[in-house]
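Worksheet: the structure to be examined is printed underneath.
The values are calculated or read from the model by the stated rules, or taken from the named source; none is laboratory data. What you see is a predicted model; the values in this text were computed from it and never measured. Because the Cβ atoms are built from the backbone with ideal geometry, glycine has one as well, and the counts that use them run over all protein chains shown. In case anyone asks, the SASA skips ligands and DNA or RNA and just uses the protein heavy atoms, side chains included. Shrake-Rupley method; radii C 1.70, N 1.55, O 1.52, S 1.80 Å.
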Amino acid sequence: MQWTINGQVREAEVDFRTSLLDLLREQFQLSGTKKGCNQGACGACTVLVDGERINACLALAVQYQGREITTVEGLAEHGKLHPVQAAFVEHDGFQCGYCTPGQLCSAVGMIGELERDLPSAVTADLAAGQIEWQRDELRERMSGNLCRCGAYNGIADAIAAVLAEELGEEIAR
Amino acid sequence: MRAFDYHQAADGTQAIEQAVRCQQAEYLGGGTNLVDLMRETVERPRTLIDVTRLSRDITDTDGGGLIIGAAATNAALAGDARVRRRYPLLARAILSGASAQIRNMATVGGNLLQRTRCAYFYDTATRCNKREPGAGCDALEGFHRYHAIFGTSSSCIATHPSDMAVALVALDARVHLRGPAGDRQLAITELHREPGERPDLETELQPEELIVAVEVPPLAMAVHSQYRKVRDRASYAFALVSVASMVELDGDIIADTRLALGGVGTKPWRAWQAEAALRGQPATAATLAAAVDAELAAARPLPGNTFKVELARRLMIAELSQRLSDARNGGDA
Ligand code: FES
Ligand code: FES
């Protein structure tokens, strides 16, 4: 079986039962992606597949053959932190750090969804092509990532700062 | 997890051939429910047939409806501009369910066929008639705050967990099925079964039959439809009660309406009784109260979920009142 992981083609023969999460951590020693609940409830295992965020613990590795997978190890480029990573450092978006790889990948995926003007459950006018970026939008969209340390305010600040920078969207607190 | 064989199907016809050929095969969509159940050994297929290569196209029908390929993701359907414009309750219902990560994985066909989240169904150390027919039900006298008040039986009170299905039931969608005996269609209101004596039989699907598409018919009043979900936390939780609603006014008379409920039924619950009591009646508070009473007459709550009766009552009245006032104000929600 073959996958493209953080830009590199990787191969392995694994049991069909292997999740994408276990493939990353145990076959390829990419232990940045974390196993929290292993049942889709916490988001610690969030990775990007072809740019879209998914829970790697619920994904069978075999089903994702040939796809482009980005993990937290693949976010930085040329030794420079991804803007979302830098913002998490700047705004104290973590305490113990266990949920952080999932938060980072999820935030990157979420910003992509914003750029494509995809709605969320709190978007008032679903028919409108453009989304108005409010703080409650941001929190709703990140609700699939739990943080046992309760670093949510820092996480929201970090993501809001990136949005302000990249999309020119100022998000009030 | 029990070991299994894996095949990827290029299309629906091939998936069925593979399922017929293989022992104890199950179809695999996004896996967000099935993989979890396999890990808990609640599901123990010998073969998985991956049906995510089936059509994921969302196409217009001649009359202004949509046909949705079963492999379309929940996220793709909720994000589709036509769905957002013509059937906002469907987009809102999908977006109210699960998390963004799960919606990116989950398919439309899989969403309809997901299993209940009843904790006793998941916990193989407890009794569950759905998991093991005839074993008994530990939810009846257990923790059943999340369980159903409509369509229950002495064998099972498990809730159907889908938000999307509630919206599709309100829209009178049709499921397109393919099986060894050919193609057929089913009204989505007929897809799921009430548990009765056989809670293990959840749908009208025949062995190896597969959902290949869902068709949503055109419906003018759906432009102002809504979906409201009440739950224990603000996001990423199953419904305690949810309401899908829309109305069409003719002067002061309720010309037509659709009402469906989530979180309260053993299947996605179409409020047929309430609808019948609303159609053709004056749009007054008394009409709403009588209609909601007519629906709730069939509720069979247990001590732990009696609160859902009053919650459903208030939510239905609040939502119908809002739809009526939107309709009076020119329909702009
Ligand atoms: S480890 Fe995947 S969601 Fe918790
Ligand atoms: S920083 Fe500790 S769990 Fe989020």
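Before moving on, here are some points about what is shown:
- Within a Gaussian network of chain A (alpha carbon springs, distance under 10 Å), most fluctuating of A:A128, A:A160, A:A107: A:A128
- For GluC sites (Glu not before Pro), the sites in the range B:191-242 that DSSP calls loop and that have at most 16 other Cβ atoms within 10 Å are B:E197, B:E204.
- Counted over the range A:41-110 with a bin width of 5 Å, the fraction of Cα pairs per bin, in whole percents, is 3, 17, 27, 24, 16, 8, 4, 1.
- Atom-type composition of the exposed protein surface of chain A places 45 percent of the accessible area on carbon and sulfur (1.4 angstrom probe).
- Per residue, in Å², the accessible surface of chain B once ligands and nucleic acids are set aside, probe 1.4 Å: 39
- Difference of contour (0.36 nm per residue) and Cα-Cα distance, B:A220 to B:Q14: 70.4 nm
- Among complete DSSP H helices in chain A, those whose alpha-carbon atoms stretch at least 20 Å along the helix's long axis and whose mean Kyte-Doolittle hydropathy reaches 0.0 are A:100-115, A:152-167.
- Within 10 Å of each Cβ in A:117-124, the average number of Cβ atoms from other chains: 6
- Tail beyond 23 Å, pair distance distribution of the range B:224-328 (Cα, percent): 23
- Amide hydrogen neighbours beyond the local backbone of B:V241, cut-off 5 Å, H modeled: B:V230
- Cβ crowding within 10 Å averaged over residues, with B:25-35, B:132-142 ranked highest first: B:25-35, B:132-142
- Calculated mean residue ellipticity at 222 nm for the protein assembly as shown: -8500 deg cm²/dmol, from DSSP H runs with n ≥ 4 weighted as -39500 (n - 2.57), summed, divided by the residue count and rounded to 500.
- Dimensionless Rg over Rh [chain A; C-alpha; Kirkwood]: 0.98
- Chain B: most fluctuating residue of B:S162, B:S96, B:S55 per GNM, C-alpha cutoff 10 Å: B:S55
- Under 21 Å of direct C-alpha separation, and excluding same-chain neighbours fewer than eight residues apart, B:K308 reaches these lysines: B:K229, B:K267.
- Buried between B and A is an accessible area of approximately 3000 Å², summed over both sides with a 1.4 Å probe.
- Rh by Kirkwood over Cα pairs, then Stokes-Einstein D for the protein assembly as shown at 1.567 mPa s and 4 °C, µm²/s: 55
- Estimated distance in nm for a label pair at B:E197 and A:C96, the labels positioned 7 Å out from Cα along Cα-to-Cβ: 5.1
- In terms of its Cα atoms, the range B:70-213 spans 46, 37, 25 Å along the principal axes, sorted from long to short.
- Share, in percent, of DSSP beta bridges within the range B:5-52 that are antiparallel, nearest 5: 0
- Qualifying trypsin sites (Lys or Arg not before Pro) for the range B:79-117 [loop in DSSP, other Cβ within 10 Å: at most 12]: none
- Largest-first principal axis extents of the Cα set of the range B:5-52 (Å): 30, 21, 12
- Inter-label distance, nm, simple model (7 Å from Cα along the C-beta direction), A:V89/B:W272: 6.3
- Sparse-neighbourhood loop sites, trypsin sites (Lys or Arg not before Pro) in the range A:8-43 - DSSP loop, at most 13 other Cβ within 10 angstrom: none
- Whole-number Å³ per residue for the convex hull built on Cα positions in the range A:2-94: 98
- Applying the Karplus relation 6.51 cos²θ - 1.76 cosθ + 1.60 with θ = phi - 60° to the range B:190-201 yields 3J(HN,Hα) values of 9, 5, 8, 9, 6, x, x, 7, 10, x, 6, 9 Hz, where x marks Gly and Pro.
- Based on protein heavy atoms only, the range A:83-167 ends up with 43 Å² per residue of surface accessible to a 1.4 Å probe.
- Amide H partners (placed H, <5 Å) of A:R67, local residues excluded: A:T4
- Across peptide A:56-63, the average count of Cβ atoms from other chains found within 10 Å of a residue's Cβ is 6.
- Label separation (A:R116 vs A:A12): 2.7 nm, computed from points 7 Å beyond Cα along the C-beta direction.
- In Hz, Karplus ³J(HN,Hα) per residue of the range B:21-27 (6.51, -1.76, 1.60; θ = phi - 60°; x = Gly, Pro): 6, 9, 6, 6, 8, 10, 7
- Cross-link partners of A:K80 among lysines (Cα-Cα below 18 Å; sequence separation of 8 or more within a chain): none
- Other protein chain Cβ atoms within 10 Å, averaged over every residue that makes up A:9-20: 2
- Space enclosed by the convex hull of the alpha-carbon atoms of the range A:102-168, per residue, Å³: 79
- Burial ranking of peptide ranges A:137-144, B:228-235 (average Cβ count within 10 Å, highest at the top): A:137-144, B:228-235
- Backbone phi angles across the range B:112-124, fed through the Karplus curve with coefficients 6.51, -1.76 and 1.60 (θ = phi - 60°), yield HN-Hα couplings of 5, 9, 4, 8, 4, 9, 3, 5, 6, 5, 6, 8, 5 Hz in residue order; Gly and Pro are listed as x.
- Kirkwood hydrodynamic radius (C-alpha pairs) into Stokes-Einstein, chain B, 37 °C and 0.692 mPa s, D in µm²/s: 161
- Nonlocal amide H pairs with B:Y6, under 5 Å, H built at 1.01 Å: B:L48
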